[in-house]
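Below: the structure, in C-alpha cells.
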Number of protein chains: 2
Amino acid sequence: MAIEQVVDYIDENRERYVEELMDLLRIPSVSAVSEHKEDVLKAAEFVADHFRSMDFDTEIVPTTGHPVVYAEKIVDDGLPTMMVYGHYDVQPVDPIELWRNDPFEPTIEGPNVVARGATDDKGQMFTHIKAAEAFYRSEGRMPVNLKYIIEGEEEVGSVHLVEFLDAYEERLSADFAVISDTGQFAEGVPAITYGLKGLAYFQIDLKGSTQDLHSGSFGGTVANPANVLGQIIAKLRDETGRITIPGFYDDVLPLEDWERQEFAKLPFDEEGYRNYIGAPQLAGEQGYSTLERRWARPTLDVNGIWGGYAGEGSKTVLPAKAGAKISMRLVPRQEPAKIEELFTSYVREICPPTVELEIQVMAGAHASITPTDTKAMDAARIAIEKGFGKAPVMIREGGTIPVVADLKQKIDVDTILLGWGLPDDGTHSPNEKFNLGDYHRGILASAHLMNELRQSGLS
Amino acid sequence: MAIEQVVDYIDENRERYVEELMDLLRIPSVSAVSEHKEDVLKAAEFVADHFRSMDFDTEIVPTTGHPVVYAEKIVDDGLPTMMVYGHYDVQPVDPIELWRNDPFEPTIEGPNVVARGATDDKGQMFTHIKAAEAFYRSEGRMPVNLKYIIEGEEEVGSVHLVEFLDAYEERLSADFAVISDTGQFAEGVPAITYGLKGLAYFQIDLKGSTQDLHSGSFGGTVANPANVLGQIIAKLRDETGRITIPGFYDDVLPLEDWERQEFAKLPFDEEGYRNYIGAPQLAGEQGYSTLERRWARPTLDVNGIWGGYAGEGSKTVLPAKAGAKISMRLVPRQEPAKIEELFTSYVREICPPTVELEIQVMAGAHASITPTDTKAMDAARIAIEKGFGKAPVMIREGGTIPVVADLKQKIDVDTILLGWGLPDDGTHSPNEKFNLGDYHRGILASAHLMNELRQSGLS
C-alpha cells in the first residue's frame with residue numbers, strides 16, 4: 001500500500017477534519033464541574049461514535065468518575081500494536097471574563113482555532129483518530145493494530161484511570177504508546193519528549209497554640225508556627241538551590257552527555273524566557289543550564305503558604321496555626337515512596353518540639369524516561385520529519401503525566417510524547433488556541449507514524 | 001477632709017454605680033463599624049454628661065474620626081494634677097454566635113457583668129469618674145486637679161488622638177497620668193504596670209514572576225517567592241530565639257536586678273500558662289524567664305503569611321507572589337524609627353536579587369517605662385492597698401498602649417497603669433466580663449489615689 005493516497009485523503013478532507021474538531025470543541029466537557037457531567041458523557045459518546053464508524057471494538061467504560069473510551073482494532077497479530085492515550089475532558093474556563101469569545105463556541109482567529117480544549121487535549125488527541133480514519137477510508141483497513149484509551153478525567157488528576165487499567169490490563173499489551181498532550185519546542189521546532197518528571201506533594205500543618213494569641217501579651221513565650229514554618233522551608237534547600245533532604249539525590253538518574261549536548265544546541269532564548277516569566281533573574285541549582293534544571297533535575301517548591309492575618313493593615317496576632325503545601329518534582333529512578341519517607345523524617349527532625357506537626361502526603365507520581373534507541377522512536381522521528389517537514393528535536397519536560405508511568409509499570413509499555421501544541425497555546429488559560437496548520441501536520445505525522453510502523457518490522 | 005465619708009458614699013451608691021455602668025454598656029459604641037457612628041457619639045455624650053453634672057469644664061472635641069471627651073477641673077493651682085486616660089469605644093462583637101447574651105444587653109452572671117466593653121474599657125475607665133463623683137457629692141469639691149481624656153478610637157488604633165493632643169497640648173500639663181486599661185496580675189493579686197512594649201510592624205511583599213507558573217514546566221528555573229520568604233523569615237531569628245538583625249539589641253534597656261527578683265517572686269504558674277495557651281512547650285529567647293521574655297525582652301513574630309494555593313487538595317503552582325506581616329515588640333530605649341531602618345536594610349541585604357522586594361512600614365510605637373520611685377507611684381501603691389486590701393505587685397506588659405508614649409513625648413507626663421481587670425476577662429472576645437467586686441474596689445482605689453495625692457505634697 002502507498003502512503004500517498006492516505007496523505008491525499010488527509011489533505012482533501014482538511015476542512016471537514018477542522019469542522020469535526022469544532023463539533024467536539026463545542027461540547028463543554030469540563031470534568032471538574034459536576035454540572036457538566038452530562039456534557040462530559042456527551043464528549044465520550046462523540047469520540048466513541050468516531051471509533052464505531054471505523055469498525056473499532058469500542059466501549060464506553062464506566063469508572064467511579066467519568067468514563068474511559070476504549071477502542072481497539074486488531075488487524076493482524078503479526079503487525080505492531082500502537083497505543084494512543086488522550087483525553088476528551090477539558091479544564092474549567094475561569095476567569096471567563098478574559099475570554100474574547102465563548103470558550104465553547106470555537107472561533108477561527110488567523111491560523112488558530114480558539115476554544116477551551118483546542119490544544120489540551122481535544123485537538124491533539126483527535127489527530128490520531130483522524131489519521132486512522134484516513135487509512136480506513138482510503139485503504140479500507142488500519143495499517144497496524146491500534147488501541148485507544150481516551151479518558152475523561154485527565155484534568156482532575158486521572159483519579160479513576162487506574163480502575164480502567166487494572167480491569168483491562170490483559171487487553172492492553174502494545175509495542176509502545178503515543179500521547180499528544182505536550183508541545184513542540186517552539187514554533188517550527190517539532191519535538192519528541194522522551195522524559196517527564198515525577199511528583200511528591202505534601203502538606204505541612206503546624207500548630208503552636210489553641211487559638212490565635214495577642215502578639216504583645218504572649219509573644220516571646222511560645223513558638224510562632226509561621227516563624228517555625230519559615231525555618232523549616234529554609235532548611236529544605238541551601239543557598240545554591242540544592243535540596244538538603246538527606247539522601248534526596250541518591251537515586252537521581254544523571255544527565256547523559258548526549259542529552260546535555262542536545263539541550264545546549266536547542267534554540268533556547270534565555271532572555272526571552274526570563275522576560276516571558278517576568279522574573280528579575282533566572283535562578284536554580286548551580287552547575288546546570290536552565291533547560292537541564294527544567295527538564296532533568298529534581299526541584300522543590302512551596303506551592304502555597306498560609307497562617308495568621310493576611311488582610312489589609314496590621315493585626316498584632318500570633319497565629320495559632322500555619323501551613324504550607326510543598327512539592328518536589330522528581331526525576332527518573334527517584335521513587336515517590338522513598339522520597340516521602342526521606343521528606344517526612346527530615347521535616348520531623350528539623351521541626352522543633354515547640355509546635356505540633358502534621359504532614360499529609362497529597363500526591364505522588366513516578367518520573368519517566370523513554371529509551372531513544374528503539375525502532376518505535378526511529379519511526380516517530382521519521383514520521384514527524386515527513387509530517388512537519390523538519391526533523392524533531394529530542395526534549396524532556398518538567399511536568400508530570402502520571403499515565404506514562406502507569407503504562408510502564410502496569411503493562412510495561414513505553415510512551416513517546418509527540419506534542420503538536422505550541423508553548424503559547426494557553427492550555428488551562430483563557431483563549432486557549434491550537435494552530436490548525438499544526439492540527440493538519442499532526443494528522444499527517446500520525447499517519448506517517450502508522451505507516452512507518454507497518455514497515456518497521458517491529459513486534 | 002476625711003476620706004471615710006467618700007468611702008461611705010461609694011459603698012452606699014454601689015448599686016447605682018453598677019446601674020449607670022450598665023447604661024453605658026448598653027450603647028453599642030463599636031468604633032470600627034461605621035453604622036455605629038451615632039452610637040459612638042451617644043457614648044461620648046453619656047460620658048460628657050457625667051462630667052457636666054460634676055461641673056467639669058467639658059468638651060466633646062471633634063477629630064477627623066470619632067470625638068474625644070475632654071473634661072477638666074482645676075480646683076487649686078497648688079494641688080497636684082492627675083490626668084486620666086480611657087476610652088468609651090469598644091471592639092466589634094464578632095463572632096456574635098458565641099455570645100451567651102446580647103453583647104449590648106449587660107447581664108449579671110455571678111460576680112460579673114457580661115457585655116462588650118465591660119472591662120475594656122468602659123468599666124475600668126468609669127471607676128475614675130465615679131471616684132471623682134464621690135468626692136464631688138460628699139465633699140462638694142475635687143481633692144486634686146483632674147483632667148480626663150476619654151477617647152472614642154482606641155479600638156481602631158487611636159488614629160486621631162494625636163490631633164487632639166496637638167491641639168490641646170498647652171492645657172494638658174499634669175503631674176502624672178492614670179490609665180485603667182490593663183489588668184491585675186491574677187485574681188486577688190492587684191498590680192501596677194510600669195512598663196509597656198513598643199511596636200515596629202512591617203509588610204514584606206515578594207514577587208518572582210508576572211503570574212503564577214506551572215511548577216513542573218517552570219520549577220527549577222526561577223526563584224519561588226514563597227521559598228525565599230521562608231529563607232528571609234528564618235534569618236530574622238537564630239535557633240536560640242535571638243533576633244539576628246544587626247544592631248537590633250544595641251539600645252535595649254536591660255532588666256534591672258530588682259525587676260528580675262520581683263518577677264521571680266510572682267505567683268506565676270508556668271504549666272497553667274502553657275496549658276491555657278495550648279502550646280506543646282513554652283519557647284523563647286534563652287537566658288530569660290517566661291515573664292521576663294513576655295514583659296521586658298523584644299520579640300519578633302510573623303503575624304501573617306500568604307502565597308500560592310491554600311485551598312483543599314494539591315495544586316502544582318509556583319506562586320508569582322508571597323508576602324508576610326512581620327512585627328517586633330520593642331522595649332524601652334529602642335526607637336521604632338531606628339528599628340525600621342535596621343529591619344529594612346537587613347531584609348534588603350538578605351533578600352536575593354531573584355525576586356522583587358517591597359517593604360511597607362505599617363505601624364510603629366514607642367515602648368514606655370514609668371519610674372517607680374516617685375511620689376505618684378507611692379500614692380498609687382497605697383491607694384491599691386487600701387482599695388483592694390492588698391499591696392500591688394509591680395509588673396510590666398508585653399502589649400503596646402501608644403498613648404502612654406504619646407503623653408510622655410508630647411507633654412512629658414508619665415503614666416501609671418492601674419488595671420482592675422482579670423486575665424480571663426475576655427477583652428476582644430465573646431462574653432467579655434468585668435468583676436463587679438473589682439469595679440467597686442477600683443472606684444475605692446481611685447478615690448484613695450486622689451486622697452493620697454492631696455496629702456502627698458506632690459507638685
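Quick one: is A:Gln203 within 26 Å of the chain's Cα centre (by Cα), closer than 22 Å to A:Phe343 by Cα and within 14 Å of chain B (Cβ to nearest Cβ)? Judged against the criteria, A:Gln203 is a match.
Looking across the range B:24-40, the residues that are in a helix (DSSP H, G or I) and within 24 Å of the chain's Cα centre (by Cα) come down to B:Leu24, B:Leu25, B:Ser34, B:His36, B:Lys37, B:Asp39, B:Val40. The residue list A:Arg333, A:Arg329 contains one member that is within 13 Å of chain B (Cβ to nearest Cβ), of a type in the set (Lys, Arg) and within 22 Å of the chain's Cα centre (by Cα), which is A:Arg329.
Across the range B:1-52, the number of residues qualifying as of a type in the set (D, E, K, R) and over 23 Å from B:Tyr136 (Cβ atoms) comes to 6. Filtering A:Asp406, A:Asp414 for residues that are at pLDDT below 95 and charged (D, E, K, R) leaves a single hit, A:Asp406. All told, B:Glu45 meets the bar of being among the charged types (D, E, K, R) and either surrounded by 13 or more Cβ atoms within 10 Å (Cβ to Cβ) or not in a helix (DSSP H, G or I) (or both). Elements of the type strands (runs of 3 or more DSSP E) sitting completely within the range B:58-143 and holding at least 2 residues that are buried (at least 24 other Cβ atoms within 10 Å of the Cβ): these cover B:68-73, B:81-87.
Just one of the numbered conditions (1) part of a loop (DSSP other than H, G, I, E, B); (2) surrounded by 17 or more Cβ atoms within 10 Å (Cβ to Cβ); (3) not small (Gly, Ala, Ser) is not true of A:Asp55: (2). Filtered by the rule that a residue be part of a helix (DSSP H, G or I) and polar (S, T, N, Q), the range A:149-190 gives no residues. Of all positions in the range B:234-243, none carries a residue that is within 23 Å of the chain's Cα centre (by Cα), at pLDDT 95 or above and not charged (D, E, K, R).
Selection of helices (runs of 4 or more DSSP H) fully inside the range A:210-324 by the criterion of at least 1 residues being touching a residue at least 24 places away in the same chain (Cβ under 8 Å) and at the interface with chain B (Cβ under 7 Å from one of its Cβ atoms) returns A:215-218, A:225-234, A:290-296.
The values are calculated or read from the model by the stated rules, or taken from the named source; none is laboratory data. Treat the numbers as computed from the prediction; the structure is a model and nothing was measured. All Cβ positions, even for glycine, are placed from backbone atoms using ideal geometry, and neighbour counts span all protein chains on display.
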